Amino acid sequence: IMISHITAGNITNDGLPSSLSQDMIEGRLRGDLNFDGIIISDSMAMGAITERYSSGEAAVLAIKAGTDIVLMPENYTEAFESILEAVTRGEISEERIDESVMRILSLKDKYDKEIEKINAILQKQQNNQTAIQERQNNTDELRNIIINAVCSENVYGEIVDKIIVYDDYMLVKLK
């Protein structure tokens with residue numbers, strides 16, 4: 001889920017943008033709605049965030065609130081360093097970071113498996129295309145052999161009454 005920066009005063013009482021609200025993310029999304037997937041913030045470079053928070057403050061609040069991926073902070077270095085410092089100080093636990101990492105790796109694993117299935121299908125299609133092309137080549141070769149054999153004067157006079165060639169088709173009327 002991509003969580004926006006709207007303030008939902010009728011749902012939460014903290015006055016924070018939803019992307020920074022632990023009540024919204026952990027309380028409502030993960031708690032009430034039992035959502036266990038990845039939560040990604042909307043762009044942290046938007047005015048709703050940058051007008052009230054530094055990149056570091058917003059990133060730390062978002063992670064503490066339960067966001068797994070902080071999208072596009074205005075100052076990436078400040079956001080990264082602030083999260084690292086918050087973990088070092090114990091403000092954000094390593095377990096909290098591990099939760100997000102596990103969600104992300106789980107999703108990546110799921111999509112890696114899907115990509116493997118897609119690649120297998122594409123390989124099968126490629127093999128089918130190769131088989132079709134080989135069949136076409138064999139047909140062309142066989143047609144050429146038949147034309148050469150049938151058109152040779154010795155064979156033609158003995159077994160063939162008439163040959164009609166139309167596009168890719170050759171009709172041979174035998175005696």
| said: On a full-extension model of 0.36 nm per residue, what is the gain between M102 and N128, subtracting their alpha-carbon distance, rounded to one decimal in nm? | reply: 5.5 nm
| task | Give the dimensionless ratio obtained when the Cα radius of gyration of the range 45-84 is divided by 2.2 N^0.38 Å. | result | 0.99
| note | In the range 1-124 the accessible area split gives carbon plus sulfur, as whole percent at 1.4 Å, a share of 56 percent
| What net charge do the residues around I25 carry, taking every other residue with its C-beta under 14 Å from that of I25, with Lys and Arg at +1 and Asp and Glu at -1? | -3
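Give the value in nm², to one decimal: projected area of the alpha carbon convex hull of the range 1-99, averaged over all directions. Don't skip to the answer; put the middle values down first.
Numbers: hull surface 23.0 nm².
One quarter of the hull surface, i.e. the mean projection, equals 5.7 nm².
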| query | Using all Cα-Cα distances in the range 25-69, what percent lands in each 10 angstrom bin from 0 up to the longest? | reply | 27, 49, 22, 1
| How large is ³J(HN,Hα), in whole Hz, for each residue of the range 28-44 in order, when computed from phi with the Karplus curve 6.51 cos²θ - 1.76 cosθ + 1.60 and θ = phi - 60°, using x for Gly and Pro? | 7, 5, 7, x, 5, 9, 6, 7, 10, x, 7, 10, 10, 6, 5, 4, 7
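The values are calculated or read from the model by the stated rules, or taken from the named source; none is laboratory data. Note that the structure is predicted; figures quoted are calculated from it, not measured. Glycine gets a Cβ as well: all are built from the backbone with ideal geometry, and neighbour counts include every protein chain shown. All accessible areas refer to the heavy atoms of the entire protein, side chains included, with ligands and DNA or RNA removed. Shrake-Rupley method; radii C 1.70, N 1.55, O 1.52, S 1.80 Å.
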